[in-house]
Structures are given as C-alpha cells and as structure tokens.
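All remarks here apply to the structure that follows.
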Amino acid sequence: MGEKHEPRLQKQRILMLGLFGSGKTTSTAKLAKFYQSRGLKTGVICCDTFRPAAFEQLMQLSEANGIPFFGLKGETSAPKIIKAGLDKLKDNDVIILDSSGRSAFDSDLQKELKQISEAFEPNERFLVISADIGQVAGKQATEFNASVPLTGVIVTKMDGSGKGGGALSAVSQPAQKSHS
Ligand SMILES: Nc1nc2c(ncn2[C@@H]2O[C@H](COP(=O)(O)OP(=O)(O)O)[C@@H](O)[C@H]2O)c(=O)[nH]1
Ligand SMILES: [Mg+2]
C-alpha cells in the first residue's frame with residue numbers, strides 16, 4: 001500500500017492469474033483497451049484450457065473492443081496455445097495472456113502456471129482478485145506468489161463491495177504493488 005503502480009508503457013508480455021470468477025477475463029480486455037488507448041498495439045491470448053466457455057467470452061470481448069485475439073478452441077496444452085499465439089500476435093507491442101483459474105489453488109494449477117511461465121516468459125505477472133473476498137486475498141496472493149512471483153495485483157469489483165480495503169491491505173504484504 002502507499003506505492004502507486006504506474007503501468008509501464010512499453011513492449012511487454014503480461015500474464016493474468018487468479019481463481020475462477022476473480023475477473024481475469026474481464027480485466028484482460030480492460031487492460032488491453034487501456035494499452036491500446038495509450039497507443040500500444042495490444043493483443044490477447046485465451047489460454048484458459050479448463051473452461052470451454054472462456055474462449056467465446058474473451059473472443060466476444062475482444063471483437064467488441066477491436067482487440068486482436070488468439071485462442072485454440074478445445075486445445076488443452078497451454079504451451080501449444082502460447083507458441084501459436086505469440087507467433088500470430090507478433091506484431092503487437094503488448095500481449096496479455098488470460099490463464100485458466102481453478103476453484104482453489106491446487107497442484108494442477110501450480111503445474112500449469114509453471115508451464116505457462118516458461119512458454120510465455122511474461123514481464124508482468126498480475127494476480128486478479130475480487131474485492132468481495134476481503135482478507136482471504138492475502139492467503140491467495142501468498143499461494144500464487146510462491147508459485148509464480150507476482151509483479152502486481154489487480155483488485156476487481158471495487159464497485160460492488162465494501163471489502164475492497166481489506167482485500168487491498170491483505171495483498172499488500174506479499175505483492176507489494178496494487179492497482180485497480
Ligand atoms: N461489478 C463488477 N463485476 C465484474 C468486475 N470484473 C468482473 N466482473 C464480473 O465477474 C464475473 C467473473 O468475471 P470473469 O472476468 O469472467 O472472471 P474469471 O473467471 O476470473 O475470468 C463476470 O460476470 C464479470 O462480468 C468488476 O470490476 N465489477
Ligand atoms: Mg476467465
């Protein structure tokens with residue numbers, strides 16, 4: 001807390017992490033629009049290998065906002081999607097990858113995140129958490145951070161809950177940066 005995070009306006013790869021429903025996919029599109037509005041060519045990759053509807057959700061958000069989109073529907077290998085996506089989106093300055101969540105942090109997700117990190121080589125690793133989970137955010141941030149060292153935390157649904165402050169202070173320890 002107290003440290004303002006200024007998004008870096010340069011060529012970069014951003015990995016979005018978080019559990020189901022935290023707001024990863026929505027934030028992926030919002031962030032892509034933000035970088036586009038700053039003049040950076042920005043594309044997104046759907047690397048949610050877990051929920052079939054994820055592909056359509058990000059594709060529709062991307063189409064509605066004029067964001068280049070890549071995904072391989074039905075493909076369960078994250079490295080395959082990433083390799084093809086980086087090639088397809090190579091003309092973009094910023095590439096944002098929407099990863100699959102789980103209902104809880106588990107060894108399966110941990111394994112997949114390690115694969116994604118190796119294949120995608122992200123400059124930024126943003127944990128997305130929902131404000132309504134309050135203090136539990138601290139535990140989540142610690143778990144994710146131990147697996148994939150986080151560079152930032154995005155707190156979503158600040159509009160719908162009074163618990164945003166709790167979530168923010170809870171994650172400020174392990175992640176050190178926050179922005180919404
Ligand atoms: N009110 C509100 N709803 C949000 C926000 N971000 C995401 N949502 C909603 O939360 C639900 C889950 O979001 P989604 O991006 O699909 O989460 P994901 O499972 O982490 O990819 C969707 O219904 C979104 O419309 C936000 O900032 N405010
Ligand atoms: Mg999603």
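Worth a mention:
- Test result for T49, under 18 Å from K157 (Cα atoms) and either small (G, A, S) or open to solvent by 10 Å² or more (accessible area, probe 1.4 Å) (or both): no
- Subset of the stretch 1-26 (residues that are of a type in the set (A, V, I, L, M, F, W, C), part of a loop (DSSP other than H, G, I, E, B) and farther than 23 Å from A104 by Cβ): M1, L9
- Filtering the stretch 22-54 to residues that are away from ligand 2 (no atom under 12 Å from the Cβ) and among the polar types (S, T, N, Q) leaves Q36, S37, T42.
- Verdict on E56 being among the acidic types (D, E), within 14 Å of ligand 1 (Cβ to nearest atom) and loosely packed, with under 15 Cβ neighbours inside 10 Å: yes
- A count restricted to the stretch 39-53 and to residues that are within 16 Å of ligand 1 (Cβ to nearest atom) and in a loop (DSSP other than H, G, I, E, B) stands at 5.
- Matching option when the condition is on the phi < 0 side of the Ramachandran plot, without any contact (Cβ under 8 Å) to a residue 12 or more places away in the chain and within 16 Å of ligand 1 (Cβ to nearest atom), among A64, A78: A64
- The number of residues in the stretch 32-46 that are open to solvent by 20 Å² or more (accessible area, probe 1.4 Å), among the hydrophobic types (A, V, I, L, M, F, W, C) and under 20 Å from F120 (Cα atoms) comes to 1.
- A search for C-beta distances below 7 Å between a residue of the stretch 27-38 that is closer than 18 Å to V155 by Cβ and assigned to a helix (DSSP H, G or I) and any residue that is charged (D, E, K, R) and within 8 Å of ligand 1 (Cβ to nearest atom), counting only pairs 6+ apart in sequence or on different chains, returns T28/D98.
- Considering the conditions (1) away from ligand 2 (no atom under 12 Å from the Cβ); (2) touching a Gly at 6+ places or on another chain (Cβ under 6 Å), I67 is excluded by exactly one of them, (2).
- Any hit, the stretch 14-27, residues being away from ligand 1 (no atom under 13 Å from the Cβ) and open to solvent by 20 Å² or more (accessible area, probe 1.4 Å): no
- Positions within the stretch 59-73 being open to solvent by less than 50 Å² (accessible area, probe 1.4 Å) and closer than 16 Å to S99 by Cα, in sequence order: S62, F69, F70, G71
- If the condition is being open to solvent by 10 Å² or more (accessible area, probe 1.4 Å) and within 12 Å of the chain's Cα centre (by Cα), then the stretch 125-162 contributes R125, L150, T151, I154, T156.
The values are calculated or read from the model by the stated rules, or taken from the named source; none is laboratory data. What you are looking at is a predicted structure, and each value in this text was computed from that prediction instead of being measured. Using ideal geometry, Cβ is built from the backbone for each residue, glycine included, and neighbour counts are taken over all protein chains shown. Side chains included, ligands, DNA and RNA excluded: accessible areas come from the protein's heavy atoms. Shrake-Rupley method; radii C 1.70, N 1.55, O 1.52, S 1.80 Å.
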